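The next block holds one structure in the form of C-alpha cells; read it before the comments.
Any read-out appearing in this document is the output of simple, stated calculations on the displayed coordinates, not a laboratory observation. This one's a predicted model, so the numbers in the text were calculated from it and none came from an experiment. Here the Cβ is made from the backbone with ideal geometry for all residues, glycine too, and neighbour counts use every protein chain on show.
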Amino acid sequence: MSTAVISSTSAAAKAPGKLRRPSIPVILALTWLVIAVGGALLADVIAPFDPLKQEILQAMQTPTPEHLLGTDVLGRDVLSRLMHGAGPTLSSVAVAVVAYTGIGLVLGLIAGYSGGWTDRAVVALTSIVIALPVIMVLFVVLSVFRGNTWLAMLVFGVLSSPIMTLLVRSSAIAVRNELFVDAARVSGLSPLYIVFRHVLPRSRGLIIVQGAVFGATALIVESSLSYLGFGTVPPNPSWGNMISEASTVITSVPWLLVPPGAVIALTALSLGVIGDSLRDSVSAGWSTSKLTPSGRRTEAPRVAEAGTGPLLAVRDLSVGYHSAGGIVPIVKDVSFEIGRGETLGLVGESGSGKTTVAFGVLGVIGEGVAVTGGSVVFDGADLVGQSDAVLAQYRGKRIAYIAQEPMVALGPSHRVGDQLREAIELNDGLSGEAAQQRVIELLTLVELRDPAGSARKYLHELSGGMAQRVSIAFALAGRPELLVADEPTTALDVTVQAGILGLLMRLREQTGMSLLIITHDWGVIADVCDRVVVMYKGEIVEQATAERIFAEPQHPYTQALLTSNPHGAQPGQDLPVITGTFTTPSMERAALAGAGTGAAS
Amino acid sequence: MIRLIATRIAVSIPVLFIMTILTFLLASLVPGDAATQILGPDATPERIAQLNAELGLDRPVLEQYLDWLAGIFRGDFGTSLFSGEPVSRLLEQRFWPTFWLATFAALVSAIIGVTFGVVAAVKGGWAARVLDGIGMLGISLPNFWVALLLIVLFAGTLGWLPAVGYTAPQDDFGEFLSRMVLPVTAMSFAGVALIAKQTRESMAEALSRDFMRFLQANGFPRRRLILKYGLRYAAIPVLATISATFVNHIGGTVTLESVFAIPGLGSMVARGTTNHDLANIQGAVLLFTAVILLVNLLTDIVYTLLNPKVRANA
C-alpha cells in the first residue's frame, strides 16, 4: 500500500543501461532474499520439524536450542512453519509482480513507441484503472472467490500495472525521440527489433526498481489479506496467518509476534533497499542548496572606523569547495577595494571565478562551498563567517544584488509585487499602505511602463527585460550603498541591454551608490566603470582604471582578452580567440620560491 | 478551472459505474448462492428456492443490478444478507469511525512527514540518511503487525492506553482520543515515511533554485525562504503524496479496524468478505470509491489554486 515518490527529474527518462556495483546494504538485502527463497524452496528437506506436528507439552516456548525460534500455541516449531509458510506467501507476491511488470511493460512499450491513437487509448485506460480503489476490489474478489489469494494478488498486480505502464511509456517516448532510434527506423529495422534491441534495455533499471518496490508493497498486502483470514487456511502456515495466530496470545507470549513479523519486514525492507539504491543511481543525485547556512560569528569585528576608508575592501579572499581529495580552490587571494560612489568592473572569462567573488562579497556562496581565507570588509566591518543575525543588517539593506538570469531570480509562485513589498518591509521598514505605495514608486523608478499592472503579475508572465527591471527595483528596496550586479545584461536581448545599462547609470547618479559589475563585456566596462579588475583562473591578474586598461593593458591575459573583444572586430575577418595559458600571480610566486630554494641549495 | 473540475467529474462517474458493475458481475459468478450460504448445506431445495425468491436473487443479474442502482439514487443500498439491516443505515453508522481514523492518520502523517522532510532537506548529510532509513522501515513494516506490537507495549506492558475498541467523540471525547492514539499511530507509519521522502526531495529541489540565492542576498531571512518560498515551491508534489496517503489509509482501515475492533466501514468490508455478505460489501466499496474520487477531485482543485501557470490557463 505505497505509492511512487514523484520526482521532478523523471527517473524514467534517465534509466541507465548499466547498473552500478552493489553497495553493502544491497548485498545484505540480496543475501536475505536468497535465504528466504532458499528456505521456502528447500523447506521439505531442511526444515527441522513437520510444520503441522503438534506437541502440546512444548507449546508457547521462547527460543530453545531445539526450537530456534520457539514453538507456537499448539507446540509447533515456529522456524519450520516460517519456512513452509514462505512458499505460499512469496509465490503469490511473485504472481502480482509478474502481472504488474509484464502488463506495464507491454502496454507501456506499445503506447510509448507507437504513439498516436494507440497511445491515447492506453493512457485513457490507465487513467480510469488508476482511479479504482484497488484494495477494495481485492475484497470484492475475495468475497466471491473465497480464499483464492493467488487470484486476488493477480488482480492486485493487474490493477496496479497502470503506474508501471505510464513509467515505461515515458521512458519509451524518451528513447524513441533519440537520433539512433530514428536512424534504426529509417534504415528499415522492424519496430519489434528496435523495441527489443534499443528501447527495452534502456528501461531495465526502471523495471527492476519498480518491480522491487512493488514487490514490497505486494508482500505487505498479501500478509494483510492472510492476516485477515483470506489467504492460506490454517493449520497450513503463511507468514500473515502466523501473525494472526500469534495475536490471540499476545498477552501471554508476545514473542510469537516477532518471527513472522520480522521476516515480512526484512523481506519488504530488502526489496525496498534494492529498489531504492537503484533509484538513487538512476536519478541525478542531490542538487546542492543555493541557500547559504548561517555563519558562527555573532558579532562583526570592527577592523576600521565606519565612514572612513573605502566602502568595500576585499583582502586575500579565497574560496573553495570540499571534495574527497581536500579543498579545491575556486578563488585565490583576491584583493580589491570599492570607493564610495565608485563603479568597479570585474572582468574575466566564464569560469574565472568572478561570480564566486560576487557571492563571497554578498555572503551567499551556497552550500558545500566555503570562504577559506581573507576578509570582506564593508564600511569597516568584516562580514566573513558572520551569522544570519549580523548579515541581516547588511543583506538587502546596505548591499543588494541583481542576478544574471532575471527569469529565475524571483519566486515563481508569488506575485512579483507581493515579493517586492516583502523586500520593502524587510529592508526599508515600511508597512501596509506605505509599503504598497513604495512598490509602485520603485517600479516607476525602474521605468516599467505599467507599474501597477506589473506588480500583479507572476514572474513567468514578464519578459526578460521587464523581469530584470523588477529585479533592480528589488535591489533598490533597501536603498543600498553597494549594488552587486552579476552580468546584469548577459541574458537579455541586445536591444534591451542598452536600456538596462542606461537605467543602472541613471540610478547610480540619483542615489550615489557604489556598483560592482561582473561582466565579460568590454563595452559595459567602457560605458560605466571607473576601475577594472581582471580575473583569470580564480586570481586577479591586473587592476587599473578603465582608461588605463584600454590604453596600456599590462598583463598578457588582459591584452588577449581585449583583442578578442568582438566590438573591435573588423568585418570580414575571423574573431580573434584566446589561445594558450597565462601565468597567474600564484604561479609566479611558486616559480620564484622554486628559484629561491634552488639558489639556496 | 471549471473545465478541469468538469473533466475530473467526467472521469469519476464511469469509475463509480465500473465499480458497481464489477461487484455485480463478480457476484453473479459466485459458485453456489447466498441462500445456501445462509441456510447451510442441510437446507431443503424448496427452502433455498423460497429464500432466493424472498431476497430477489432468482431474477436475472441485469434486473437485480438495475434495481440496486435505482435504489442507490433513493439512498437505498439494499439489505444486509446476514443481519437483515438496511445497508444504508450500516453505512451511516460506520462512516464516522473510519472517517476519523483515516483523517487523523493523514493529518499526523502530513505534519510529521513534512517536518521530517524539511529538516532533512535543510540539514542534509546524516539527517537525510537517518530519514532514509526510517522511511524504508516505515513502508516495510506491515501496519497490522506494528499495531499488535503497539498494543503489547502501550496497552499491555505499560498499560497507558486502551487496547481495542471505539468510543464516539460525542459520547466521551477523552475516551475517543485515547482509543484513537494507537490505531492512528499504526496507520501513520507508512504515510510519514512517504510524505517525508517526497518533502525532502521537493524541498531540496526548491533550495537549489536560483531565486533562493537572489532573495537571500537581498535580505530575505533563511527561515522565511525555507518555510514560505520553499514549502510553497514544494507544495504540489507534497500535496499529491498526502492525498495518495489518505487513499492508502482508506485501504488500510480494513486491516486496522479489524485489529482494533473499530466498528467502521473497513471492518464491515472485512466481515462482509468473510460472511459473503455482498450487499454490505457493495455498499461499503461504493462509498469508499466515492470518497476516494472526492479526495482526488479536491486535490486537483487545490493544485490548480497553487499553480499560477495552470490557473492562468484554466
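Peptide A:391-403 has a mean of 4 when you count, residue by residue, the C-beta atoms of other protein chains within 10 Å of its C-beta.
Stretched out straight at 0.36 nm per residue, the stretch from residue A:31 to residue A:581 would grow longer than its current Cα-Cα span by 192.6 nm.
FRET efficiency for the residue A:288 to residue B:130 pair, using the beta carbon distance and R₀ = 22 Å, is estimated at 0.65. As a calculated quantity, the FRET efficiency between residue B:42 and residue B:76 at R0 = 35 Å, using C-beta atoms, amounts to about 0.60. The relative contact order of segment A:213-361 comes to 14 percent, based on Cα pairs under 8 Å that sit 6 or more residues apart. Here the simple spin-label model places points 7 Å from the Cα toward Cβ, and for residue B:112 and residue B:54 these points are separated by 4.9 nm.
The simple Förster model, with R0 at 60 Å and r as the Cβ-Cβ distance, assigns residue B:298 and residue A:64 a FRET efficiency of 0.60.
Across the cross-link table entries B:197/B:228; A:537/B:123; A:397/B:197; A:457/B:228; A:354/A:457, which are compared at the Cα atoms, the separations over 27 Å belong to A:537/B:123; A:397/B:197; A:354/A:457. Mean per-residue shielding of peptide A:405-415 is 6, counting Cβ atoms of other chains within 10 Å of each Cβ.
Legend: helices of chain B (whole DSSP H runs) are marked when their alpha-carbon atoms reach 27 angstrom or more along the helix axis and their mean Kyte-Doolittle hydropathy is at least -0.5; marked are B:2-28, B:87-123, B:173-207, B:231-259, B:278-306. Measuring spread by the Cα atoms of chain A yields a radius of gyration and Dmax of 34.2, 105 Å. When B:13, A:130, B:250, B:21 are sorted by how many other C-beta atoms sit within 10 angstrom of their C-beta, beginning with the fewest, the order is B:13, B:21, A:130, B:250.
Sorting the segments A:178-188, A:144-154, A:234-244 by their residues' average number of neighbouring beta-carbon atoms within 10 angstrom, most packed first, yields A:234-244, A:144-154, A:178-188. DSSP assigns beta bridges within the protein assembly as shown; of those with both partners inside it, close to 60 percent run antiparallel.
Less than 5 angstrom separates the built amide H of residue A:514 from those of A:341, A:482, A:483, all sequence-distant by 5 or more or on a different chain. Among A:198, A:322, sorting on how many other beta-carbon atoms sit within 10 Å of each Cβ, with the fewest leading, yields A:322, A:198.
In this label model, residue A:94 and residue A:324 are separated by 3.9 nm, measuring between points 7 Å along each Cα→Cβ vector. The residues A:27, A:103, when put in order of fewest to most other Cβ atoms within 10 Å, stand as A:27, A:103. Taking every residue in A:249-262 and counting other chain Cβ atoms within 10 Å of its Cβ, the average works out to 3. In summary, the convex hull built on the alpha carbon positions of segment A:265-413 has an orientation-averaged projected area of 13.5 nm². Of all the options B:265, B:194, B:161, the one that moves most in a Gaussian network model of chain B with Cα springs shorter than 10 angstrom is B:161. Model label sites at residue A:183 and residue A:50, defined 7 Å from Cα along the beta-carbon direction, differ in position by 6.8 nm.
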